[in-house]
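Colleague: Just dropping this structure here.
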Amino acid sequence: MQRLTHRLRRRRTRRRVLAMLVLALLLAVVPTAAQAKGATGATISGGGSGGLPGGPISLKGDGEPGSGTNLANLAQAAGVWALLFEDGPGGELASAPASANRGPRYTITWIFPNGAGTEDKVRQSVWPYAAGGPLTFMASGQPVLDATTKGGWFQAADNLRQSLIALGLPSREPLTATSPATPAAPATSAQAGSAPAQAASDQAPAAPDPAPAVWPRVAVGLALLLAVAGGALVLRRRSSPGAATTP
């Protein structure tokens, strides 16, 4: 009888321990399951002055990763899971890319159900037509699924642009990156000295030599004539006889 009682106690103890282990495993799995749950909706707005021609675009459904829905595929292409939590896939950028050639900016507002029975809204900026591939940005610290967003920049593939066009965005090609102007090579001292003269000779023909002035020659000729005439006059006066004197 005592042995039977002892065995029953041991069985009860084992059941209690097993129940506690199962409960602990469930509690450990619940947060992971909450984080793995995808968005239940998204709204696309923005695009510059006037916004989208047909107004904001709304999506609803199962956005859990791998479900294959438009909502899940859009979240995957936009890098949502890379920017929500630390263990997201690759594609994050360490710093903000150059602001040139991004094109119009759109905003995707993601809706996630939380444990309190309400919804968390996470906003993400998207540049679908940016040169070099679509860009997205998510601010850090946004409440989502009992945590906060990691945030940051994400370099997406072109399938994000194509997906947004299929959902109603204008059909546009990606922008082209502008290459910086190549600076001219510095000229050497010899080239610098001859460059102005060379440029002048290339731009305009050389002017003809001016005709020699005539008046200097005339002045020299007149001076010579005056000198000769004056010399002859002096010689004539010296050679002529003087007046006779009476004794």
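Colleague: Answer yes if at least one residue in the stretch 93-100 is in a strand (DSSP E or B) and either more than 14 Å from Thr43 (Cα to Cα) or open to solvent by 20 Å² or more (accessible area, probe 1.4 Å) (or both), and no otherwise.
Modeller: yes
Colleague: Those residues that are closer than 21 Å to Thr109 by Cβ and among the charged types (D, E, K, R), I need them from the stretch 131-173; list them, please.
Modeller: Asp146, Lys150, Arg161 - these are the residues of the stretch 131-173 that are closer than 21 Å to Thr109 by Cβ and among the charged types (D, E, K, R).
Colleague: Another question about this same structure. What residue, among those in the stretch 54-79 that are of a type in the set (A, V, I, L, M) and not in a helix (DSSP H, G or I), is least open to solvent (accessible area, probe 1.4 Å)?
Modeller: Ala78
Colleague: Something else now. Quickly run through the stretch 58-74 and pick out the residues that are hydrophobic (A, V, I, L, M, F, W, C) and either touching a helix residue (DSSP H, G or I) at 6+ places or on another chain (Cβ under 7 Å) or touching a residue at least 60 places away in the same chain (Cβ under 8 Å) (or both).
Modeller: Leu59, Leu74
Colleague: Condition first: in contact (Cβ under 8 Å) with a residue 60 or more places away in the chain and surrounded by fewer than 15 Cβ atoms within 10 Å (Cβ to Cβ). Can you find one or more residues in the stretch 120-141 that meet it?
Modeller: no
The values are calculated or read from the model by the stated rules, or taken from the named source; none is laboratory data. Predicted model, so just to flag it, every value in this text is computed and none were measured. Heads up, the Cβs are rebuilt from the backbone with ideal geometry, glycines too, and the neighbour counts pull from every protein chain shown. Please note that ligands, DNA and RNA were not included when accessible areas were found on the heavy atoms of the full protein model with its side chains. Shrake-Rupley method; radii C 1.70, N 1.55, O 1.52, S 1.80 Å.
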